[in-house]
Structures are given as structure tokens and as C-alpha cells.
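None of the figures in this text is laboratory data; all of them are computed from the coordinates on show. Quick caveat: nothing in here was measured; it's all calculated off a predicted structure. Don't worry about glycine lacking a Cβ; one is built from the backbone with ideal geometry, like all the others, and counts go over all protein chains shown.
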Amino acid sequence: MEQRYLSPSVLASISGLDLVAKTVVDGFISGLHRSPDFGFSQEFAEYALYNPGDDLRHVDWNVFARSERMYLKRFQGETNSQVTILVDASNSMRYKSGSLDKLEYARFLAASIAYLASQQRDAIGLIVFDDEVRQYVPPSARQGQMHRVLHALEHAEPGKRTDFGKPFLHCQQFLHRRGLVVVFSDFYEDPKKIKDALLPLRAKGTEVVVFHVLDPEEIKPKLGEPVILLDMETQASIEVSPDYARGEYTQKINQHIADLKANIQSGGMDYYLAATDKPLDAALREYLGVRKGRL
């Protein structure tokens, strides 16, 4: 039942990014924790997942007895980490074949992760970029920060071409604490250049998770006849035949996805392919998997 509320087509009908984020996260959490004795959706902000090496004195054994899961009791106002979200708002992110374009999907997922992080008392920040940093909300856990992040996401509009160097350099210059950087983009760039732009963040101890946002038609196009395709960033056009789409193009996009994944992972970062027709729970599981295993 929860997955129905996490599907892109349903989320597209919800008015307000704050309500989208709450719907996604509450549905996701209730799906993870079905025990009637453990109201995790209400108590989530007060607990952190236990990781090996954590101080056992802070484990809530009453919760463990009911749920057979180990959580650390938190204190009011504690900030666990710093989460900075980067959203690519270049023109190619406008593409869609279904109910959501890539930017809308990234916006929904970014808002959900921001909401989830705020529930964990994390400091959250945001960078919206194309070939420049268009909006920057410095990481903070103070009151009203979630509203500031959502406001910036709501006003993220498709811009020009992508330049990954500038937003990542911005992170290096202004992020003074170790934490987590989450990047949403369609990543139409040389995978090694993307890796090289991200590596300085890893060198400073920051964890990085990359969400590769693609439309399903970009991954596996379904063409019944030749079409003229327009590059949304350069305005260059090319005629594409069904045979090319099924053959050479499919090989190239699969190779690009494999190369990007390999480069990201070889740099000690996490990669996830987020197709815009997939429910958001899988992406949230990936995010929580990074949090549980690394931070």
C-alpha cells in the first residue's frame, strides 16, 4: 500500500513540496516499521540507528525488546550530521516521457531526504546549480531551515548547461564539517570528470551519494519511426532511427551508466540509478543504507 503513495504519478497530483516530502517519508517509515508496539513514524526523530562501535549505554533496550532492532536514544536538539543536497537544474533536466520530468523527480526526492534528515536532527543545506550556483542555503539545524530548503527547491527552474566543477568547488569552500553530500543529476558528462570533481570532497572526509536521475525513455527508448531529437542544452538536433535507438544508442547509454557507476564507486562514493518512473522508497533505502553503513 505504501508504494502506491510513493509512485511518481501519485506524487505529481499532490500540491506543495512540503506535503510531498511528508507523504513520502511517513509512508516509507511506516512501511519499514509495521510493529503495532513501535510507533516509529512518531518516534523517529528521537532515535538513531545503532552502528557497530556505538556506545551500548545509549541503546534503548525497551525498544529493542519490542522490535528486535537496536536504536540509540537521542536528546532534544542534537544534530547528528550535516547533509548538503545538490540539485542539477540544467535544461536537460526538463525532459520527461511520463508524469514527472527529471527535475521534478529530483526535487521530490531531494525534499524527502531533507525532511528525513531534519527528522533526525541533522543540519541540512542545499545547492541548486546549472553552469553556476543558482541558489545556496547554508547547512543549518535551526528553526525554519526546512522551510528555507523547500522554498529554494520550489523555485528551482531549468537553466543553462551543466558545470559540475562550480557547485562541487562551492562545497569545498563553504562546508567546514564532515558530513554527507547528496547529488541529483542526469550526469551527461565524462564520468571521469565527474569523479575528479567529487574526489576533493571525499579527501576531506565527506561521504558522497550520487543519484543518477534518468527518464526511462533515455535508458531504453521506444521508437516506432524515425524522429528528430533536440539537445535541450545545446539546441543541436539529430535524426534517430528505431534501429539506432535499439542498437547503438542503447549500447552507448548502458556503457555511460556503467562507466559512471564504476568511476563513482572507485572513488569511495555511492551510486544509485534513479529512473523517474520508479517509486521513491528504493532511493530512500539507498540513502539510509549509506547513513547506516558510513556515518
**Prompt:** Using r as the Cβ-Cβ distance of Phe174 and Ser9, and R0 as 51 Å, what FRET efficiency do you calculate, to the nearest 0.05?
**Reply:** 0.85
**Prompt:** Average projected area of the Cα convex hull of region 82-294, in nm²?
**Reply:** 11.2 nm²
**Request:** Work out, step by step, the length gained on full extension between Arg94 and Glu248: first 0.36 nm times the residue separation, then minus their alpha carbon distance; give nm to one decimal.
**Result:** 53.0 nm
**Request:** Compute the distance in nm between two label points, each set 7 Å from the Cα along the Cα-to-Cβ direction, one at Arg148 and one at Arg202.
**Result:** 3.1 nm
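Could you sort 114-120, 192-198 so that the peptide with the highest average Cβ count within 10 Å comes first and the rest follow in order? If you can, show how the numbers build up before the last one.
Working: 114-120: 22.4, 192-198: 18.6.
Highest mean packing first, the order is 114-120, 192-198.
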**Request:** Would you kindly derive the ³J(HN,Hα) couplings of region 270-282 from the backbone phi angles with the Karplus curve 6.51 cos²θ - 1.76 cosθ + 1.60 (θ = phi - 60°), listing them in order in whole Hz, with x for Gly and Pro?
**Result:** 10, 10, 9, 7, 10, 6, 6, 9, 9, x, 7, 5, 5
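For a quick protection proxy, order the peptides 132-142, 14-24 by their average other-Cβ count within 10 Å, most packed first.
Details: 132-142: 16.3, 14-24: 17.9.
In descending order of packing, they fall as 14-24, 132-142.
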